[in-house]
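Here's the structure we're looking at; comments come further down.
The values are calculated or read from the model by the stated rules, or taken from the named source; none is laboratory data. This structure is a prediction, so every number in the text was calculated from the model and none was measured. All Cβ positions, glycine included, derive from the backbone under ideal geometry; neighbour counts span all protein chains shown. Calculation scope for accessible area: heavy atoms of the full protein, side chains included, ligands and nucleic acids excluded. Shrake-Rupley method; radii C 1.70, N 1.55, O 1.52, S 1.80 Å.
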2 protein chains.
Amino acid sequence: MKILLEIAYVGTAYHGFQVQNNAPSVQKTLQTALESFFGKKLLLSGCSRTDSGVHAKQFFCTVEGDLSESFPFHKLPIAASRFLPDDIAILSAKKVEDSFHVRYDVSYKEYEYLILNRVEKDPFLSARAFHYPRELDIDVMNQAASLLVGKHDFASFMAAGSKIVDSVRTVKSCSVEKNGDLVVVRVSADGFLYNMVRIICGTLIAVSEGKIQAEEIPEVIAACDRKRAGMTLPPDGLYLAKVVY
Amino acid sequence: MKILLEIAYVGTAYHGFQVQNNAPSVQKTLQTALESFFGKKLLLSGCSRTDSGVHAKQFFCTVEGDLSESFPFHKLPIAASRFLPDDIAILSAKKVEDSFHVRYDVSYKEYEYLILNRVEKDPFLSARAFHYPRELDIDVMNQAASLLVGKHDFASFMAAGSKIVDSVRTVKSCSVEKNGDLVVVRVSADGFLYNMVRIICGTLIAVSEGKIQAEEIPEVIAACDRKRAGMTLPPDGLYLAKVVY
């Protein structure tokens, strides 16, 4: 039987979702909790890898194993919560067809990158936002963001040394919004390259700083050269926000 | 010279603001950081005690010591930030008259109590909100809240064993607001008794549950008996939100 879990987690304590040797991962922590709860060995698969320190407001994984058909899976969020640490929560659970694939069946995903844009720190956003003290130019960032939308080879926005061969992705939307001291960059795409959102956000900041002009973005994309894009921002501000099947 | 600091802190790691024997406090941590920064012994006084685990979005303290008149104190939030842990931030700093008293000159304070009102946990609100899974009746809570406003003896809303003799306080406002899954109780008063906001919030939840009727609130106040009010909610959801001089 296959169960689809919707979860959320604060990524600060984990080296990403995926199981790592000798480092805590969300996958291993969740699997251990569910195996304790059900008293059975289980196979857990996630919709995405996330990097060390990256958060998820919405993340899906499937659980496969010899589970009872009669178990009220919709009650799992409460029933299993005592087995989980406070930085991981199950939001919903339901049976799915065995043919459902939690990773390949994703239609698109949306990431959010949170920037605290003021001089003073905010202790409530420590490890949960990137602190950028100078005033950001939201209009010019949005001009640049709109030029990233579409089907492109995003090799310029992929971590150097990444082994992915096909770096063509379709960015559905990319926008920047300011609410008080908080700036949120939202990027949705059919798939993401390694560090792609963090490099996009670093590039948008370079645009705000005048180091890259908004109208140069098509050239930065066309160059297929990591050195043409901006810096990779830290993981603290990054949230997987929405996964659509 | 006397400097007024506006600070904010996540209280989870501290046994309150006030210096404690053998337990970390915000006061001690801040004092150590500022003494390292200025290279001088300093006297630090806070606007309030806060309990273990309670947070502050806005908190004031004064720093007294042999400081240079020419120091640009408005730059202290950035300059001293490397000396502080990530869970405490200085928001502003300025010189004040020696006659200014950070505690006695307070006109009123406002606390917020945050309740996550849904079945599932939210990992981002762990230690930052009280998790209450059943649906709260906001209207009836607001009826009860409005009956707490005014100058009353709040002995029923004071931790048992508290040594305060005069338990008369003036509650300026008390209201409950719901935004999606989040319920915020806001209480402003000229002063607060030990655990007063946490007992008020426990009482409002008892009203939502029908264990206390909203119209009984005047009787609960008049009884001057801790046993008549609701339970003391945990510190996780409590924030000192505003301090007005």
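Quick notes on this one:
- Subset of A:Lys95/A:Lys163; B:Lys57/B:Lys178; A:Lys28/A:Lys121; A:Lys242/B:Lys242; A:Lys242/B:Lys28; A:Lys242/B:Lys109 violating a 30 Å alpha-carbon distance limit: A:Lys95/A:Lys163; A:Lys28/A:Lys121; A:Lys242/B:Lys242; A:Lys242/B:Lys28; A:Lys242/B:Lys109
- Once all protein chains are placed together, A:Lys172 keeps about 110 Å² accessible to a 1.4 angstrom probe.
- Most mobile listed residue (A:Ser92, A:Ser175, A:Ser48) in chain A, GNM with C-alpha springs under 10 Å: A:Ser92
- Note on the range B:149-169 and the range A:2-81: Cα centroid distance 47 Å, given to the nearest whole angstrom.
- Surface accessible to a 1.4 Å probe, B:Glu120 within the full protein complex, Å²: 50 Å²
- GNM flexibility winner over chain A from A:Phe17, A:Phe38, A:Phe157 (Cα, springs under 10 Å): A:Phe38
- Mean Cβ neighbour count within 10 Å, used as a protection proxy, ranking B:81-88, B:70-77 highest first: B:81-88, B:70-77
- The order of B:Glu35, A:Glu97 by accessible area, most exposed first and with a 1.4 Å probe, is A:Glu97, B:Glu35.
- 5 Å binning of all Cα-Cα separations within the range A:2-96, expressed as whole percents from 0 upward: 3, 14, 27, 29, 17, 8, 2, 0
- With its label point defined 7 Å out from Cα along the Cα-to-Cβ axis, A:Asp166 lies at 7.7 nm from the matching points of the other copies, in increasing order.
- Build a GNM of chain A with springs between Cα atoms under 10 Å apart, and of A:Pro133, A:Pro123, A:Pro24 the one that fluctuates most is A:Pro123.
- Annotation for B:Gln20, label-to-label distances across the other copies: 3.2 nm (shortest first, one decimal, point 7 Å from Cα along Cα→Cβ).
- Length gained on full extension, B:Gln20 to B:Lys211: 65.0 nm, using 0.36 nm per residue less the C-alpha separation.
- Label point distance in nm, A:His74-B:Ser68, each placed 7 Å from Cα along Cα→Cβ: 6.8 nm
- Chain A: DSSP helices with Cα axial extent of at least 27 Å and average Kyte-Doolittle hydropathy no lower than 1.0: none
- Percent accessible area from carbon and sulfur atoms, the protein assembly as shown, protein chains only, probe 1.4 Å: 49 percent
- Of all DSSP beta bridges in chain B, antiparallel share, percent nearest 5: 90 percent
- If the convex hull is drawn through the Cα atoms of chain A, its volume per residue in Å³: 130 Å³
- Kirkwood-Stokes translational diffusion coefficient of the protein assembly as shown, alpha-carbon pairs, 37 °C, 0.692 mPa s, µm²/s: 130 µm²/s
- The A-B contact accounts for approximately 1800 Å² of buried accessible area, totalled over both chains at a 1.4 Å probe radius.
- Summing Cβ point charges (Lys, Arg +1; Asp, Glu -1) relative to the Cα centre of chain B gives a dipole of roughly 480 debye.
- Helical runs (DSSP H, four residues minimum) scored at -39500 (n - 2.57) apiece and divided by the length of chain B put the mean residue ellipticity at 222 nm at -5500 deg cm²/dmol.
- Considering all different alpha carbon pairs of the range B:109-244, the Kirkwood hydrodynamic radius works out to 14.8 Å.
- Per residue, in Å², the accessible surface of the range B:1-138 once ligands and nucleic acids are set aside, probe 1.4 Å: 46 Å²
- Residue mean of other protein chain beta carbons inside 10 Å, B:111-123: 4
- Ordered by 1.4 Å accessible area with all protein chains kept, A:Ile78, B:Ile7 run largest first as A:Ile78, B:Ile7.
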